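One structure below.
The values are calculated or read from the model by the stated rules, or taken from the named source; none is laboratory data. Quick caveat, the model's predicted, so the values are computed rather than measured. When we count neighbours, we look across all protein chains shown, and the Cβ atoms used for this are built from the backbone with ideal geometry, even at glycine. Note: areas computed on protein heavy atoms with side chains; ligands, DNA, RNA excluded. Shrake-Rupley method; radii C 1.70, N 1.55, O 1.52, S 1.80 Å.
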Amino acid sequence: MKKPKIVILGAGYGGLMTATKLQKALGVNEADIVLVNKNDYHYETTWLHEASAGTLHHDRVRYDIKNVLDRNKVEFVQDTVMEIKAEEKKVLLEKSELAYDYLVVALGGESETFGIKGLKEYAFSIVNVNAARRIREHIEYQFSTYHDEQDDNKLAIVVGGAGFTGIEFLGELVERIPKLCQEYDVEQSKVKIMCVEAAPTVLPGFDPELVKYAVSFLEGKGVEFKIGTAIKECAPDGIKVGKGEDEIEEIKAGTVVWAAGVRGNAVIETSGIESMRARVKVEPDLRAPGFNDIFIIGDCALVINEEINRPYPPTAQIAMQQGIAVAKNIAKLMRNQNDLEKFVPDIKGTVCSLGDHNAIGVVYGKKLVGTPASFMKKVIDNRALLMIGGISLMLKKGKFNFI
Ligand code: FAD
Ligand code: NAD
């Protein structure tokens, strides 16, 4: 009898978790499992702010996908997904195509620029290893050419959005800038770091006491916050911001990093699957509405928190839990068990780093700041490696500089 074919798109947190759980749950003769990813490496998206600021080399944030796969059970295909042809049960890749019996879409998120003029062209976004490398190199270039042109704007860095990505990136920047100043003989007082946030507060919705701690830490390191102010436009030499329609202010900056919004993967839209900003409101068992054979997880999925009737924020924590749930559900379907697991996120907490030695967070309802929070952040980072690749991966790629 023909073995069912399970195709997993994306080897991020959700996709790799699905693949590694399925390879444990299913026997060699039970299914053909194929994992597709653009690159031959997985990157820790949650560490990209470090690679972007240059506090961690980009090779530290990635590892070879094949290292965590059981190659007797999972075939890895390095290719780019172009479109899902759901009616034909196949996926079009850049170089080939794949038929499937069960499909798991785990293609992650993209930057959302809300149509704001110039952002796509002139701002950087912390979205993958290439983007992170570009941000780091761009900032280094501004420092290295500063003396030729003596243009102080080259040393101005604007971060758009004070959500978790913006704040974590600022935490790394304030650590890197003094080192860059030393390396390129630049007076530190010449460097300006500004964060522009449209909401009335930094980290909207997070614990106000912890937010205050983060803001005062970052301000103490020279970051200027412009709160209740939206980025309206981006140009090669800076941005335009405003509080209302009329009050437009120009801010000159050599580097603009847009960290003010995420959406699902454009492949969802190209494939005509109903979505909101490329995120699919999935059924409780994580299947796409109307499709019995397509599961959607991670940043491409939208799960409503019934308690507040709003979507859960897209996080690695949820993507990994969904990977585990989908692997169980596919195994059940293959064994003709139709009592699929309903996915309910188990939110253990949130920790936001402020550089390598400081952080804020709430873990199991307990507030943490400073060294204990930073310790916890590294435990979380290491746990993700452990869950996907076991002890050997954690020892190879983990963070053990706990204090
Ligand atoms: P990803 O992990 O992003 O993986 C998607 C994969 O799909 C990638 O390997 C990509 O290369 C591949 N891919 C994309 N398009 C294609 C294509 N067309 N063809 C083939 N392959 C493709 N969440 C937390 O819970 N805790 C944190 O501390 C945290 N920190 C973060 C810090 C930063 C700087 C950022 C940007 C996000 C952070 N998040 C955090 C959010 C978290 O990273 C995401 O929610 C998570 O990565 C989503 O997992 P995923 O599996 O959906 O996608
Ligand atoms: P976000 O959507 O959470 O935050 C974006 C911020 O940008 C918001 O505060 C918003 O008010 C602001 N904004 C929107 N438009 C703006 C404009 N025109 N001008 C200025 N500000 C504007 O996005 P994010 O921070 O990239 O986070 C994405 C997801 O990743 C979230 O789910 C987050 O929880 C997760 N994440 C988690 C961590 C962590 O747990 N440590 C770290 C990074 C990201």
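Nothing charged except the Cβ atoms of Lys and Arg (+1) and of Asp and Glu (-1): what's the magnitude of the dipole of the range 14-90 about its Cα centre? Round to the nearest 20 debye. Let's see the in-between values first.
Values: 11 positive and 13 negative charges, 32 e Å.
Rounded to the nearest 20 debye, it is 160 debye.
Positive end of the dipole of the chain (Cβ unit charges, origin at the Cα centre): among L103, I139, V256, the Cα lying farthest that way belongs to L103.
Specify, per residue and in Å³, the volume enclosed by the convex hull of the alpha carbon atoms belonging to the range 249-318. Could the numbers behind the result be given before it?
Working: hull volume 10.6 nm³, N = 70.
Hull volume normalised by residue count: 151 Å³.
Got a sec? Which residues in the range 15-58 would a label at K95 touch, if it sits 7 Å along Cα→Cβ and we count backbone N under 20 Å? The answer is 33-43.
Compared with the dominant principal axis of the Cα atoms in the chain, helix 164-183 is inclined by about 50°.
Taking the charge dipole of the chain about its Cα centre, with +1 at Lys and Arg Cβ atoms and -1 at Asp and Glu Cβ atoms, the residue from V223, G290, I391 reaching farthest to the positive side is I391.
With each label modelled as a point 7 angstrom along the Cα→C-beta vector, the L395-K66 pair spans 2.3 nm. Beta bridges assigned by DSSP with both partners in the range 1-128 are antiparallel in approximately 40 percent of cases. Principal axis extents of the Cα atoms in the chain, from largest to smallest and rounded to whole angstrom, are 72, 46, 44.
Take the cross-link list K2/K90; K66/K328; K226/K348; K2/K332; K73/K332; K212/K366 and give me the ones stretching past 26 Å between alpha-carbons.
Details: K2/K90 17 Å; K66/K328 22 Å; K226/K348 31 Å; K2/K332 18 Å; K73/K332 18 Å; K212/K366 17 Å.
Long pairs (Cα-Cα over 26 Å): K226/K348.
Using R0 = 22 Å, the C-beta based FRET efficiency linking H357 and R383 works out to 0.70. Ratio of Rg to Rh for the range 277-403: 1.04 [Cα atoms; Kirkwood radius as inverse mean 1/r over pairs].
Using the Cβ atoms and a cut-off under 15 Å, what net charge is assigned to the surroundings of G264, where Lys and Arg are +1 and Asp and Glu are -1? The partial results should precede the final answer.
On the way: positive: R263, R277, R279, K281; negative: E83, E110, E112, E269, E274, D299.
With Lys, Arg at +1 and Asp, Glu at -1, the net is -2.
Relative to the longest principal axis of the C-alpha atoms of the chain, give the angle of the C-alpha long axis of helix 129-149, reported between 0 and 90° and rounded to the nearest 10°. Its long axis makes an angle of about 20 degrees.
Only the Cβ atoms of Lys and Arg (+1) and of Asp and Glu (-1) were treated as charged; on that basis the dipole of the range 119-260 about its Cα centre amounts to roughly 320 debye.
Just add up the charged neighbours of V211: K/R +1, D/E -1, any other residue whose Cβ is under 15 Å from the Cβ of V211.
-3
As an exercise, find the ratio Rg/Rh for the range 41-133 from alpha-carbon atoms, using the Kirkwood inverse-distance average for Rh.
Details: Rg = 16.5 Å, Rh = 15.9 Å.
A ratio of 1.04.
Which net charge results when you count Lys and Arg as +1 and Asp and Glu as -1 among the other residues whose beta-carbon is under 12 Å from that of Y122? Numbers along the way, then the final one.
Working: positive: K117, K120, K240; negative: E121, E233, D237.
Within the 12 Å Cβ shell, the charges total 0.
Residues M1, M387, M17, sorted by accessible area with the largest first, give M1, M387, M17 [1.4 Å probe; ligands and nucleic acids excluded]. Take S275: with every protein chain present and a 1.4 Å probe, its accessible area is about 40 Å². Most simply put, the range 119-260 has about 40% antiparallel DSSP beta bridges, counting only bridges with both residues inside it.
Each part gets one Cα centre, and for the range 1-73 versus the range 273-298 those centres are 20 Å apart.
Amide hydrogen proximity for F124: with H placed 1.01 Å from N in the peptide plane, the residues at 5 or more positions away or on another chain lying under 5 Å are V256, V257, W258.
Between E250 and R310, full extension at 0.36 nm per residue minus the direct alpha carbon distance yields a gain of 18.1 nm. A helix-only calculation puts the chain at -10500 deg cm²/dmol for mean residue ellipticity at 222 nm, using -39500 (n - 2.57) for each DSSP H run of at least four residues, averaged over all residues.
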